[in-house]
1. I'd like the full set of residues that are open to solvent by 20 Å² or more (accessible area, probe 1.4 Å) and assigned to a loop (DSSP other than H, G, I, E, B), limited to the range 119-155.
2. For the range 111-137, which residues satisfy the criterion of being among the hydroxyl-bearing types (Ser, Thr, Tyr) and at pLDDT below 95?
3. Scan the range 66-86 for residues that are touching an Asp or Glu at 6+ places or on another chain (Cβ under 6 Å) and either among the polar types (S, T, N, Q) or under 12 Å from Ala113 (Cβ atoms) (or both) and jot them down.
4. Can you name the residue in the range 99-109 that is farther than 25 Å from Ala46 by Cβ and not charged (D, E, K, R) and is also surrounded by the most Cβ atoms within 10 Å (Cβ to Cβ) among such residues?
5. Residue by residue through the range 69-100, note down the ones that are aromatic (Phe, Trp, Tyr) and either modelled with pLDDT of 90 or more or within 10 Å of the chain's Cα centre (by Cα) (or both).
Amino acid sequence: AVAAAHGGDRSWPSVGALAGLAALLAAGLLGWVTSQVRADEGGADAEQIAAAVRADVERCIGPAREAWVVPGPLTLYDELELTNPTPFYLFWYTLEAQEQRVLDGLADGSIPAVVQVGAWPPSMRAMAPAVEAGYEACATVDVAEPAVRVTVWTR
């Protein structure tokens, strides 16, 4: 703003007005981002899903507590006290490039269970048939709120 005022017809009060406007816009943006983060319902959804499927997950997975949760919410790992046996999360930007590595893990048993929350996402189009062919649906739970079907796949 100072450089713009220095080289043009703007007076120093205009520079102050521009700086004040920039500060106001920055504060407004920060407030909006903060409200969006606080309004995120992912944690609440995970709590409700976990409450509905906890007993089935414990029965199907047992004490190993290892399962790949797809597609999410990721906080379900914490809610159900699960460990991800893979280095992969569904939103991982190179998941499709690592398809063969995931398919190998599904085939060799290094991924002992899969907790499917909702429908298979498009990024798993090659992996979903491998899960369905190599694993058994140990439990299927329809969660009322949020409205989602959870399937626990085990080897």
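The values are calculated or read from the model by the stated rules, or taken from the named source; none is laboratory data. Quick caveat, the model's predicted, so the values are computed rather than measured. Ideal geometry is used to build each Cβ from the backbone, glycine not excepted, and the neighbour counts take in all protein chains shown. These accessible areas exclude ligands, DNA and RNA; they are computed on the full protein's heavy atoms, side chains included. Shrake-Rupley method; radii C 1.70, N 1.55, O 1.52, S 1.80 Å.
1. Residues satisfying the conditions are Ala119, Trp120, Pro121, Arg125, Ala126, Ala144, Glu145, Pro146, Ala147, Arg155.
2. Taking the range 111-137 and keeping what is among the hydroxyl-bearing types (Ser, Thr, Tyr), we get 123, 135.
Scanning the range 111-137 gives a single hit, Ser123.
3. The answer is Thr83, Pro85.
4. Keep residues of the range 99-109 that are farther than 25 Å from Ala46 by Cβ, which gives 99-101, 103-104, 107-109.
Checking which are not charged (D, E, K, R) leaves us with 100, 103, 107, 109.
Working: Gln100: 9, Leu103: 17, Ala107: 12, Gly109: 10.
Among those residues, the one meeting the criterion is Leu103.
5. Step one: of the range 69-100, the residues aromatic (Phe, Trp, Tyr) are 77, 88-89, 91-93.
Of everything in the range 69-100, those that are aromatic (Phe, Trp, Tyr) and either modelled with pLDDT of 90 or more or within 10 Å of the chain's Cα centre (by Cα) (or both) turn out to be Tyr77, Tyr89, Phe91, Trp92.
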